[in-house]
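The values are calculated or read from the model by the stated rules, or taken from the named source; none is laboratory data. Predicted model, so just to flag it, every value in this text is computed and none were measured. Glycine gets a Cβ as well: all are built from the backbone with ideal geometry, and neighbour counts include every protein chain shown. SASA here: full protein model, heavy atoms, side chains in, ligands and nucleic acids out. Shrake-Rupley method; radii C 1.70, N 1.55, O 1.52, S 1.80 Å.
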Amino acid sequence: MSFIDLLRDTLATLWAHKRRTLLTMFGIAWGIISITVMIAAGEGLGDGIQKNQETFGKDVMIVFSGRTSMQAGGARAGRLIHWGEDDYLQVAEESPACKYSMPELGSDVQVRTVFNSGTIPVVGSLPPFSEIRSVATAQGRFYNDQDNEGARNVAFLGSDTKKQLFADHEALGQTIWMNGIPYTVIGIMKSKDQNSSYDGFDTRKIFIPFNAMRRDFPNKPPAVEHTVDRLLIAPWSLETHKDCVRQLRRTLARLHNYDPRDEEAASIWDTVKNAEANRMIIVGMEIFMGSVGIATLFLGGLGVMNVMLVSVRERTREIGVRMALGATRKSILRQFFLETIFVVSLSGGVGLFLSYGFCALVNLLPMPPFFTGMLTNWRIGTMSVFLLALIALLSALYPANRAASVDPIEALRFEAGG
């Protein structure tokens, strides 16, 4: 039998049992749609969570001073700790695993322009603040090292602050008065969605050089003078993160005479650990969704196998006659294998087309927070095709082998007896 005859016979057989064939194809297509859509949704959610996490900061540790919980060097437990204005310099010198070490000082300040006024949080730090805290520039520039060294009166406005103080008017180059002190606007922040904060959202702040901040808006009594609110520390990489934490704790403990193991004295908000926890959640979610999709796909494969087994039983006499007339085991095996491959390939292709089309339509809609859309990529397509090929092989192997193993005489007897 030529391949054309074999294909024609296969199509005729499937058409003769079109209801059963369509139900089987639906099972396979639904499995492909399930696994593709679930994984695409998981990828979109994971990407959204990661990007939202990055709006707060990339691999940054926020170090807050606290109260000692252990005795050290003759000092009692329960002693208040305050970070000094120059502590960051010593941390930078003694912590080679840390890429950045910088102070942060914040205060609520009365701000006015010719258009509006209000009480706005003002933050002072070093120029790398914009990098590790993901403060992107929409207009102008962030302050630089020269601005900080000269303690220049320059200000970078959060996007919401710009709207509050200037509305639709041009802000770059304009003067704002903070507690009566004039500052020149040199930049506007790009708007961002921020899901976490320790002192307010960045879009509602004003950022100025650290040296200008401690000169014009330092901590005043009852707060301790010449102190900062917190330290910002960033490791060189994830590999140096643990060493950075260890060196940081050791240096601060020496400077302030407490036990370096005392985590209450120096509490750390660690975005690296938060990101690792989020990754574990995302991976677990993707594994769960993928498992559900794979299970659905295998159920479709069992449906294919069942259809083919029924087909073998119904065509027992046909198989016997063909083998009695000289059909080889190979030709019988090939026919049933071709039927299965045809059903699985067609239904799988339809499933992939519908699932990718559905994902594309969803991506046209406005996306909620923490979700960047249905992310389909080559990994999802490759995995779906691989699983489809595996299902086809497993589904076709046993029924085809059983059909090829039918004894011609027993086959003719079976039909006659039926």
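All of (1) open to solvent by 10 Å² or more (accessible area, probe 1.4 Å); (2) at pLDDT 90 or above; (3) not in a loop (DSSP other than H, G, I, E, B) hold for Asn274 with one exception: (2). Out of everything in segment 106-151 that is of a type in the set (D, E, K, R) and within 22 Å of Leu232 (Cα to Cα), what residue ends up being nearest to the chain's Cα centre (by Cα)? Step by step, filter segment 106-151, then rank; the result is Arg133.
Read through the list (1) surrounded by 15 or more Cβ atoms within 10 Å (Cβ to Cβ); (2) hydroxyl-bearing (Ser, Thr, Tyr); (3) under 23 Å from the mean Cα position of the chain (by Cα), then give the number of the only condition that Ser197 fails. The single condition Ser197 does not satisfy is (1). Residues considered: Pro218, Pro209. Of these, the only one that is within 30 Å of Glu94 (Cα to Cα), open to solvent by less than 70 Å² (accessible area, probe 1.4 Å) and at pLDDT below 95 is Pro218.
One line per residue, one yes/no per condition, for (1) surrounded by fewer than 16 Cβ atoms within 10 Å (Cβ to Cβ); (2) of a type in the set (A, V, I, L, M):
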| site | (1), (2) |
| --- | --- |
| Ser95 | no, no |
| Cys98 | no, no |
| Val109 | no, yes |
| Pro121 | no, no |
| Pro127 | no, no |
| Gly150 | yes, no |
| Gly158 | no, no |
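Close contacts from segment 97-121, counting a first residue that is over 18 Å from Arg249 (Cβ atoms) and a second that is part of a strand (DSSP E or B) and aromatic (Phe, Trp, Tyr), with Cβ to Cβ under 8 Å and a gap of 6+ residues or different chains, come to Val111/Trp177; Arg112/Trp177; Thr113/Trp177. Taking into account only those residues within segment 71-87 that are over 24 Å from Ile233 (Cα atoms) and open to solvent by 60 Å² or more (accessible area, probe 1.4 Å), which is modelled with the lowest pLDDT? Looking at the filtered set, the residue picked out is Gly73.
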